[in-house]
Structure formats: structure tokens, C-alpha cells
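A short write-up of the structure that comes next.
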Amino acid sequence: MNNTQCMITVGVGDLKITQAPHVLKTLLGSCIGVVLHDRVKKIGGLLHIMLPKKNGNDVKITKYANTGLPYFIHQMVTHAGASRGALSAKIFGGAKMFETNGLLNIGESNELEVRRVLKEEGIRIVASRTGGTKGYNISFDTETGAVTCRIFGEAVIVY
């Protein structure tokens, strides 16, 4: 990161959209981090999805893949000025953080729903690093579109 860039942290169930030269970062476990980027206009966003599908009366739609992703895409295009046709996605996280004795794997369920919604929305996934049993630390450079991913205990990889 150079000294003209500003680092913005994205919390659980949160969404941040910005323009270059900002960097968006988050920590992930079973959650999925979805990066959308318009490389021409250098507009990018990061959505930190906690669960696959919204149930009940929770008003925070960005926590869920099935409600958060359409909202994210809409915000990128309508409010941030990104071109829908120029958007590409990168996804990270979805680890199996806890042994559930064969019950629901939340990380895997999150990934499957993210992939389904992005396909339905016509957004191409250009890179992904998902699964495993350890947490992820990612940072997204809106200038270059590069996502630096570090799985705890492993080497850093840039996507």
C-alpha cells in the first residue's frame, strides 16, 4: 500500500463501496467476502456475507447472500456509477471453522448461494479461494483490482 491509499475495514455483514486509490479489507471464517470491481472506472466494493439466505425479520440484508448480493450490485451500478457489464467478482472464505458432526457446513452453504446468485445476476467470477478450515485475511486494491489473500498459517497469494 502506498501513502496515497486509504485502508477501509469491512465488518461482518457489512458492505463498503469506494473508488481508487482505496483498499478494502476484512477477516473471514465461514463467511464469504465478495469483491466486485469495475476495472475501467476503478470502482470497487466488498460485501462480507454471513449466511446464505435471509430468514425472518432481520433488516440487515447485507448479511445474507440472497439479499445482499442483488443489493450490492444495484448499489455499485446505481449509486457508485459502475458499469454493470464491466463488473467482475472475486470470492473468498467459506471455511469450515467448526466441527458440526455432519450437520450443515455454513461455509459451503454460503459459497454455493454466492455462486448461484452471481450466476443468476450475470456476474462472472474471475478468481476464488474458498473452503479449508482456517480463517482468511483479504485486502482489495481498487486501483489494480488485486486481492491479497492470506489464510492463517499459509503464504500470501495475490488474485
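Below are the figures for this structure:
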| item | result |
| --- | --- |
| Criterion: over 25 Å from GLY131 (Cβ atoms) and out of contact with any Cys (no Cβ under 8 Å at 6 or more places or on another chain) - qualifying residue of VAL35, VAL59, VAL10, VAL114 | VAL59 |
| Subset of the range 22-65 [part of a helix (DSSP H, G or I), hydrophobic (A, V, I, L, M, F, W, C) and crowded, with 18+ Cβ neighbours inside 10 Å] | ALA65 |
| Residue match in the range 75-89 (condition: surrounded by fewer than 16 Cβ atoms within 10 Å (Cβ to Cβ), assigned to a loop (DSSP other than H, G, I, E, B), at positive phi and polar (S, T, N, Q)) | no |
| Per-region count, the range 103-145, residues surrounded by fewer than 16 Cβ atoms within 10 Å (Cβ to Cβ) and in a loop (DSSP other than H, G, I, E, B) | 7 |
| Filter result (closer than 10 Å to THR142 by Cβ, in contact (Cβ under 8 Å) with a residue 60 or more places away in the chain and of a type in the set (Val, Ile, Thr)) within the range 5-62 | ILE17, THR18, VAL23, VAL35, ILE43 |
| Single unsatisfied condition, ALA95 versus (1) assigned to a helix (DSSP H, G or I); (2) out of contact with any strand residue (DSSP E or B) (no Cβ under 6 Å at 6 or more places or on another chain); (3) surrounded by 21 or more Cβ atoms within 10 Å (Cβ to Cβ) | (1) |
| Residue list for the range 146-159, restricted to those being in a loop (DSSP other than H, G, I, E, B) and either in contact with a Cys (Cβ under 7 Å, 6 or more places away or on another chain) or in contact (Cβ under 8 Å) with a residue 40 or more places away in the chain (or both) | TYR159 |
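Bear in mind these aren't lab numbers, they're just calculated from the coordinates by the rules spelled out. Keep in mind it's a predicted model, so treat the numbers as computed, not measured. Note that each Cβ is placed from the backbone with ideal geometry, even for glycine, and that neighbours are counted across all protein chains shown.
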